[in-house]
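Throughout, read-outs are computed from the coordinates displayed, never taken from laboratory work. Remember, it's a predicted structure, so these values are computed and weren't measured experimentally. Here the Cβ positions follow ideal geometry from the backbone for every residue, glycine too, while neighbour counts run over all protein chains shown.
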Amino acid sequence: MSLRIVSTDKNRPMNRRPWITGLLLIGAWGFLGAPTAQAADDEAWIQYRQSVMSAIGADMAGIGDILKNGLPLTKNIEFHATAIATNARLVASAFSQRAENGQTDALPDIWQKTDAFAEATDEMREAAEQLAAAVAEGNDAQIGPRVKTLGKSCGSCHKTFRKPKKDSYKNK
Amino acid sequence: MTPLGFPKQERVAGGSIGPSALFALLLAWLVAPVAGAEGDLTAAQRGQRVFESAGGCSCHTNYPEEGADAPWLAGGRALSTPFGVYYSSNITPDPTTGLGGFTQDDFLRAMQEGLSPEGHNYFPIFPYTAFTKMSDSDLRDLFAFLKTVPPIERSNQAPEAPAPFSWRWTITAWKWLNFKPGRQVPDPTQSAAWNRGAYLVNGPGHCGECHTPRTLTGGLDRGLWLAGSAEGPEGELAPNITPDDATGIGDWSTADLVWYLETGFKPDGDDTQGLMAELIEHGFSDMSRPDREGIADYLKSVPPIQNEVHRDSGQ
């Protein structure tokens, strides 16, 4: 039976069914498989960049914990600030893929105004480095103002490139 | 001991005793805005502090559309509400378009009664429902400060609201339903810090105006005082700031609140956006630490209300 199926008789009309089936399968992959793969891909990118941003937030929280509660852990602020500067260097690559299919508050401007986005992340890195330097140099009087400067860099970037709270996926 | 648990002597700038030199310097930085006795300040200087406690009157500068270079306090900011769009007014001392023609009494009447010098009602987007609780002396000082800012000529804009929400005379009925003029009355059973916080929250800080949902008539829903609103100014969500553990700020410590009002950073390290970020940047961050502590004391004491605020909650 199988031999007949694979017959090479050139005079027989060509059986189009396998071709049609194949095309349908490719089409189905195109309609179902590819988008699903894309969505999964987007989710992975979103998850990663949110991990980077959460790490920055956690270090900011650590700095806040030390200062607002008067903990005798001044030196730790240098490490937190250095970690923020390090993570700031990861932001550009974390957002290099335009991934928008998923739970994200990233605004399209991130990929439309790439220079401005890079400038904003640089501003954060520089502010974090300045804070780390103040601690390293023992310039304690500058810690408070530099925390504020770092905070402003976070705020100005979020204002431009992150959805406002009312539109956040967290509030739906 | 201070509310944060540190001896008061450690608050003195340059003090030699403290858990760390950093903390002493940090405290100096935090306390710096209140250096000097109140009696040494001019009315305008005291008024600047009142101005800061009102969030720097940020609604009167059109930051959203004109950015950081927006004419300071010259109004023109669109404030979107469920009833229409209202524009903030020019509160610079410009004689024709601002407060230049106001007397001190005119200013007090506007703030405490919601009436213009000609006797017209102001629309309640101007939160005189809160400012009515402010003391005469604070308002006189605030007026003195506003007289010192650069005058800018910019005409005020009429609201873009359908009738009857654009008719000033209807506000008389609105006031009858929703406005109770009168100063903040101290609670003798509470501490001075708590009473100061209550005054700041309910008066100049006008926290309830955004953080309390509104009734069908646009009045504040007093049963949900400070429990958050999905329809805050400019369409923003205003979170529940009662000390409810699940939906409010029950898990925020006093230090968290003081830090938040100073820097805009929440306990999780995220920053604040929107109008609240402006209020902090242009006002609350410059308040004295004792004032921020008073606000924290008061907010931690109000009745907790479970009220989840999100975009579709209707509250």
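Rounded, prolate or oblate, given the Cα gyration tensor of segment B:39-183, with a/c below 1.5 counting as rounded?
On the way: a/c = 1.79, a/b = 1.21, b/c = 1.48.
Note, shape of segment B:39-183 comes out oblate.
Amide H of B:THR81: which non-local residues (sequence gap of 5 or more, or other chain) have their own amide H closer than 5 Å, using H built in the peptide plane?
B:TYR86
For chain B, give the magnitude of the charge dipole about the Cα centre (Cβ charges: +1 Lys/Arg, -1 Asp/Glu; no others), in debye to the nearest 20. Display every interim value, and only then the final one.
Working: 22 positive and 39 negative charges, 178 e Å.
Charge dipole of chain B: 860 debye, to the nearest 20.
Taking R0 as 60 Å, what's the FRET efficiency between B:THR148 and A:ALA40 from their Cβ-Cβ distance, rounded to 0.05? Display every interim value, and only then the final one.
Working: r = 60 Å, r/R0 = 1.00.
With a Förster radius of 60 Å, E is 0.50.
Order these by the 10 Å Cβ neighbour count, fewest first: B:LYS266, A:LYS68.
Working: B:LYS266 18, A:LYS68 23.
Least crowded to most crowded, the residues run B:LYS266, A:LYS68.
Mean residue ellipticity at 222 nm from the helices of chain B, using -39,500 (n - 2.57) per DSSP H segment of n ≥ 4 over the full residue count, to the nearest 500 deg cm²/dmol? Write down the numbers at each step before the final one.
Numbers: 12 runs with 106 residues, N = 315.
Computed ellipticity for chain B at 222 nm equals -9500 deg cm²/dmol.
In nm, give the distance between the simple-model label positions of B:ALA68 and B:ASP106, each being 7 Å from the Cα along the Cα-to-Cβ direction.
Taking the two extended label points, one gets 3.5 nm.
Across the residues of A:139-148, average count of Cβ atoms on other protein chains within 10 Å? Spell out each step's value before the answer.
Numbers: counts 1, 9, 7, 2, 4, 10, 1, 0, 5, 7.
So the per-residue partner count for this stretch is 5.
Mind giving me the nanometre distance, one decimal, between the label points for A:LYS159 and B:GLU118, set 7 Å out from Cα along Cα→Cβ?
Taking the two extended label points, one gets 3.5 nm.
Using the Karplus equation 6.51 cos²θ - 1.76 cosθ + 1.60 (θ = phi - 60°), what ³J(HN,Hα) coupling, rounded to whole Hz, does each residue of segment A:64-78 give in order, writing x for Gly and Pro?
Along segment A:64-78, the couplings run x, 4, 5, 6, 6, 9, x, 6, x, 10, 3, 4, 4, 4, 4 Hz.
With the crude spin-label approximation of a point 7 Å out along Cα→Cβ, what separation in nm comes out for B:ASP136 versus B:THR217?
3.0 nm
If amide H atoms are built 1.01 Å from N in the plane of the peptide, which residues on other chains or at least 5 residues away come under 5 Å of the amide H of B:SER229?
Those lying under 5 Å, H to H, from B:SER229 are B:ALA238.
Using amide H atoms built 1.01 Å from N in the peptide plane, name the residues 5+ places from B:LEU115, or on other chains, whose amide H lies under 5 Å from its own.
Those qualifying (amide H under 5 Å, at least 5 residues apart or on another chain) are B:ALA110, B:TYR122.
Once phi is turned into θ = phi - 60°, what whole-Hz ³J(HN,Hα) does the Karplus curve with 6.51, -1.76 and 1.60 give for every residue of segment A:151-164, x standing for Gly and Pro?
Ordered by residue, 3J(HN,Hα) equals x, 5, 5, 4, x, 5, 5, 4, 4, 8, 10, 10, 4, x Hz.
Kindly state, to the nearest 0.05, the FRET efficiency for A:ASN76 paired with A:ALA118, given R0 = 41 Å and r defined as their beta-carbon distance. Working shown, then result.
Numbers: r = 29 Å, r/R0 = 0.71.
The calculated FRET efficiency here is 0.90.
Which part of segment B:103-135 falls in the paramagnetic zone of B:ALA43, meaning amide N under 18 Å from the point 7 Å along Cα-to-beta-carbon?
Within reach of a label on B:ALA43: B:103-112, B:134-135.
Run through segment A:75-172 and list the GluC sites (Glu not before Pro) located in a DSSP loop whose Cβ has at most 14 other Cβ atoms within 10 Å.
Working: sites: A:GLU78, A:GLU100, A:GLU119, A:GLU123, A:GLU126, A:GLU129, A:GLU137; in loops: A:GLU100, A:GLU137.
Passing both the DSSP loop test and the Cβ count: A:GLU100, A:GLU137.
So how compact is chain B: Cα radius of gyration and Dmax in angstrom?
19.6, 65
Each residue of segment B:40-51 in order: what ³J(HN,Hα) in whole Hz does its phi give by Karplus 6.51 cos²θ - 1.76 cosθ + 1.60, θ = phi - 60°, with x for Gly and Pro?
So the J values, rounded to whole Hz, are 7, 8, 7, 4, 5, 5, 5, x, 5, 5, 4, 4.
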